[in-house]
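So the structure is just underneath, and the comments pick up after that.
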Amino acid sequence: MQNSELETQNYVSCVVYFLLSLAELASAGITIKSGPSTIPCFDVYEIVLQFDSPPTQNPFTGIEVKATFTPEHGTPVQVEGFCDDQTGRIFRVRFCPSLSGTEYRFSLTTNVTPGEEHTGFFRTTEPQGMEPVIVNPQHPKHFQFAGSGRPFYHLGFTAYHLLDPSNTDGQIRDLLDYCVQYGFNKVRFLLTGYPRDTDTRSKEQYSFQGDLWNLPNYGAPPGEVNPLPAWLGKPHEYDFTRFNVAYWQKVDRAVQAMRQRGIIATCIVTIEKQNLPQEYGALTEHEQRLYRYAVARLAAFSNVWWDLGNEHNEYRKQDWAPQIGRLVKQWDPYDRLCSAHGYADWLYDNQPWADFIITQQYGTCAQVNGWALKYEDIPKPYVNEEYGYEGSLDKAGHGMNADWVRKCHWSIAMAGGYGSYGDWTPGTAFYTGHIGSGKAPSQLRHLRRLFESLPFSSMRPQNELVSGEAFCLAKPKEVYLVYLPSGGQTVLHTEPVEKGYSITWIDPRTGEKTSATTAPASAGASLSPRKRGQGQIALRAQSSDDCAAIIKVEQ
């Protein structure tokens, strides 16, 4: 028998078996709709199960739907389905294939019809959308795209209340377009809501004034903070056994919109306010159901990351994150990047459930640089998610002005780390997911472009090579990046090279580059000496403003 005839026969057999399995499930009152015959690699393949009538049991606790996807010549991948209808009539199974040009076969089962299975197959094509972002295996302090291996320079944006029911899909898309405009490629948001709606005033009585820390909802207008929209019910009377499906469908749309724009969706699963997370309890069935449902529903989107709990060490014991982290890793078939945002220090060293380090530490340039260096020996990327949100204060910390935001973000990057920006400028309703009036985003965009132009993942922080208050990243005998957060001057100690070095000055505010070999001395360049074998370069800024210099080996 010819190969083509054999392939045709196998195809016909698969179709027949597929139709028979459909008929069996239809007799049980279940209609199955499979996905398309081909999809791009890393897209979402979805199977929909629809019951003829609502089930009698709670669909979020009593019905199980599971599927196994097996690539040709590959390892089977097991995934769980989830309820996507408040009455329980609709379940979905989502799967993200990771191999292109490959046939996947699947089998689906449910405890509603024990012993029966639905089977099918599809093929993948080359990736067309956003690839997953993983830790760079060769340079584990950095990120890369899973398929192409291209570096991913993390520039995060904080929008805690992006998904609040008061925000329309259009408002969400507007904020995401704003992020694209200014180079933010990760958005961190609360997946289950921000339970702090303590404002009893009407909207007519509302005015944005006073100390933001002491204003109800941190200054958000009344009615714009729904405590926990992820469940049915109201504060202190939520039914933690039933999810609010309409809200989770909004989550789907937001995560899809982020993927379409090349943005990582960091799902902060929980946060503590008003003791509501304590109502569903640490590691209880309710809490585990939340994390498991989130994984079943969202993990198939290639742009999803997990943050187990914002400032979780304020409302959970230290052993909580490792336990819930191990469960998430067990449930997530794609091993999406996972971590846990604690207040201040990183508590988990090199534990395997955590893929990257998150801290919340704000201070001077020297302090945020030093905190990142504190974790240099842990082979995981370092992210300072809150190094101080932008406000109007002329000092480092929460509420600092754009100049300080820029300097602190640069200082973190110069330690080989990454940061996330937040906007708390006057008039911005913080935590609401609205576009603010901050000035730093346009400057951080230049930072990302510069670092993407460098071999950042193979450069190491080497402050010992510079004098004074300067910071240094280096790939010796190739390229150095020196940052002077307060201007002034420094001496860079370099490796002797054959032809010397070229120097390019960078204005961190505008991204403008000036070549020291053509600019006059007043532009900030002093090349003394620049001879073979002496290995020192004096760098002098023209003012007290921060500046940076790229020093490259001449070819």
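The values are calculated or read from the model by the stated rules, or taken from the named source; none is laboratory data. Note that the structure is predicted; figures quoted are calculated from it, not measured. Quick reminder, even Gly has a Cβ in these numbers, built from the backbone with ideal geometry, and neighbours come from all protein chains shown.
For region 302-321, name all the residues that are surrounded by 20 or more Cβ atoms within 10 Å (Cβ to Cβ) and farther than 10 Å from C267 by Cβ. Answer for region 302-321, where residues must be surrounded by 20 or more Cβ atoms within 10 Å (Cβ to Cβ) and farther than 10 Å from C267 by Cβ: S302, N303, G309, N310, H312, R316, A321.
If we keep just the residues of region 415-428 that are touching a helix residue (DSSP H, G or I) at 6+ places or on another chain (Cβ under 6 Å) and in a loop (DSSP other than H, G, I, E, B), which is farthest from R460 (Cα to Cα)? Looking at the filtered set, the residue picked out is G417. Filtered by the rule that a residue be within 34 Å of the chain's Cα centre (by Cα) and more than 15 Å from K33 (Cα to Cα), region 106-126 gives R123, T124, T125, E126. In region 70-138, counting only strands (runs of 3 or more DSSP E) that sit wholly within it, the ones holding 1 or more residues that are polar (S, T, N, Q) span 77-80, 103-110, 118-125. Applying the selection to region 56-69, what residues are in a loop (DSSP other than H, G, I, E, B) and among the β-branched types (V, I, T)? Result: T56, I63. With respect to (1) of a type in the set (G, A, S); (2) without any contact (Cβ under 8 Å) to a residue 60 or more places away in the chain; (3) within 22 Å of W331 (Cα to Cα), the lone exception for G81 is condition (2).
Scanning region 127-150 for residues that are under 20 Å from Q256 (Cβ atoms) and either among the charged types (D, E, K, R) or over 19 Å from the mean Cα position of the chain (by Cα) (or both) returns P127, Q128, E131.
Looking at the structure I just gave you, is L447 buried (at least 22 other Cβ atoms within 10 Å of the Cβ) and not in a strand (DSSP E or B)? Here the answer is yes, as L447 does meet what is asked. What about R188, is it touching a Ser or Thr at 6+ places or on another chain (Cβ under 8 Å) and at pLDDT 90 or above? It is true that R188 is touching a Ser or Thr at 6+ places or on another chain (Cβ under 8 Å) and at pLDDT 90 or above.
Considering only region 297-333, state which residues are part of a loop (DSSP other than H, G, I, E, B) and not charged (D, E, K, R). Of everything in region 297-333, those that are part of a loop (DSSP other than H, G, I, E, B) and not charged (D, E, K, R) turn out to be A299, A300, F301, S302, N303, L308, G309, Y315, Q318, P333.
Can you pull out the residues in region 466-488 that are touching a residue at least 24 places away in the same chain (Cβ under 8 Å), closer than 17 Å to S411 by Cα and surrounded by fewer than 20 Cβ atoms within 10 Å (Cβ to Cβ)? Residues satisfying the conditions are S467, E469, S486, G487, G488. Put simply, of S4, S34 the only residue that is over 13 Å from T110 (Cβ atoms), modelled with pLDDT under 95 and among the polar types (S, T, N, Q) is S4. Which ones in region 78-91 are crowded, with 21+ Cβ neighbours inside 10 Å and over 17 Å from D52 (Cβ atoms)? V79, G81, F82, listed by residue number.
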